[in-house]
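Below is one structure; the comments refer to it alone.
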Amino acid sequence: MPIRLAVLLSGSGTTLQNIIDRIDRGELDATVAGVVSSRAGVFGLERAKKHGIPAAEVLRRGFPNHEAFNTALWTEIRALSSDLVVLAGFMSLIDVPPDYQNRIINVHPALIPAFCGHGMYGHHVHEAVINYGAKISGATVHFVDTEYDHGPIILQGAVPVLDNDTPDTLAERVQALERELYPQAIQLFAEGRLRVAGRRVFIH
Ligand code: GAR
C-alpha cells in the first residue's frame, strides 16, 4: 500500500509538483491524500486541483494566533488520515502533536544548521550564503520539531557556490538537488528504513 501524504504549502508548489511527477513515474510509493495551503489563491492549490487532489485553505492570517491556526490546521491534516506530513514551501510554524513526532518532514535550501531559522527561506537563504562568502551550500531534508529548520536531519547534499552566482543561479542548483533528495527521503520513510535516535537519523 502506498503511504498517504498530506502536503502543506504556502506558494507556487514546485515541490508538490515534483512529488506528483515522481509518483506518476512510479519512483515514489506514495499518494498525495490532500494539500493544505496557509495562503489564499496560491498556485500550489491550482496544481493540486489539476491533478484531482483535494485542496484546502487554512489561512494563517485568518486566525488571531499560532494556537488557533494550528488547531484548524491539524483538523484538516487529521481528516486526510496521512502517514506523513510533507512541508513543501510551508511558511508557518506547525505544532508537532505526539503521534506525529518524526512523521512531519521539511526540505531547507541550505546546509542546516547554517543559513536557517525564522525568516530564512527561499531567496533570502541564497542571498545570505553568497553575501557570507560560503563556498558550498546545499539542501537538507529533516524531520520537523517545534523550532524552524531544527529537527533530526534525514539527508543532506552539497553544491558549490560559484564566483559568478546570483541568488537565482544558486537557487536553481540547490533546487535541482532538492528535487532528488526530497522524494528519496519520502521513499526511505515509506519503506520504514528511517530510525531516529535523539538528533540522529539512521538509514537501514
Ligand atoms: C523550496 O526551495 C524549499 O527549500 C524552501 O521553499 C521552497 C519552496 O518552493 N523552503 C524553505 O526555505 C523552508 N525553510 P515551492 O513553494 O515552489 O515548493
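Of the residues examined, Glu57 is one that is in contact with a strand residue (DSSP E or B) (Cβ under 9 Å, 6 or more places away or on another chain), of a type in the set (Asp, Glu) and either crowded, with 16+ Cβ neighbours inside 10 Å or free of Cβ contacts under 8 Å to residues at least 60 places away in the same chain (or both). In the condition set (1) within 9 Å of the ligand (Cβ to nearest atom); (2) modelled with pLDDT under 95; (3) more than 27 Å from Arg4 (Cβ to Cβ), His124 is compliant with all but (2).
Checking each residue in the stretch 58-93 for being within 16 Å of the ligand (Cβ to nearest atom) and aromatic (Phe, Trp, Tyr) picks out only Phe90.
Taken together, the residues in the stretch 74-90 that are out of contact with any Asp or Glu (no Cβ under 8 Å at 6 or more places or on another chain) and either more than 27 Å from Ala171 (Cα to Cα) or surrounded by fewer than 16 Cβ atoms within 10 Å (Cβ to Cβ) (or both) amount to 9.
Against the condition more than 23 Å from Leu5 (Cα to Cα), within 13 Å of the ligand (Cβ to nearest atom), touching a His at 6+ places or on another chain (Cβ under 6 Å) and not charged (D, E, K, R), how does Ala114 come out, does it pass?
no
Can you go through Val141, Val129 and tell me which one is crowded, with 18+ Cβ neighbours inside 10 Å, without any contact (Cβ under 8 Å) to a residue 60 or more places away in the chain and either of a type in the set (Asp, Glu) or assigned to a helix (DSSP H, G or I) (or both)? Criteria check complete, one pass: Val129.
Of all the residues in the stretch 144-186, those that are among the β-branched types (Val, Ile, Thr) and part of a helix (DSSP H, G or I) number 3. Filtered by the rule that a residue be farther than 22 Å from His204 by Cβ and surrounded by 13 or more Cβ atoms within 10 Å (Cβ to Cβ), the stretch 146-157 gives Tyr148, Asp149, His150.
With respect to (1) more than 30 Å from Gly26 (Cα to Cα); (2) crowded, with 21+ Cβ neighbours inside 10 Å, the lone exception for Ile186 is condition (1). Cβ separations smaller than 6 Å between residues 6+ apart or across chains give the following pairs from the stretch 76-94 residues that are modelled with pLDDT of 95 or more to residues that are aromatic (Phe, Trp, Tyr): Leu84/Phe189. The single condition from (1) among the small types (Gly, Ala, Ser); (2) in contact with a helix residue (DSSP H, G or I) (Cβ under 8 Å, 6 or more places away or on another chain); (3) closer than 18 Å to Asp95 by Cα that Ala48 fails is (3). Examine the stretch 116-136 for a residue that is under 21 Å from Pro183 (Cα atoms) and over 14 Å from the mean Cα position of the chain (by Cα), and state whether such a residue exists. Scanning the stretch 116-136 turns up no residue that is under 21 Å from Pro183 (Cα atoms) and over 14 Å from the mean Cα position of the chain (by Cα).
The values are calculated or read from the model by the stated rules, or taken from the named source; none is laboratory data. These numbers come from a predicted model, not from an experiment. Methodologically, a virtual Cβ is constructed for each residue, glycine included, from the backbone with ideal geometry; neighbour enumeration extends over all protein chains shown.
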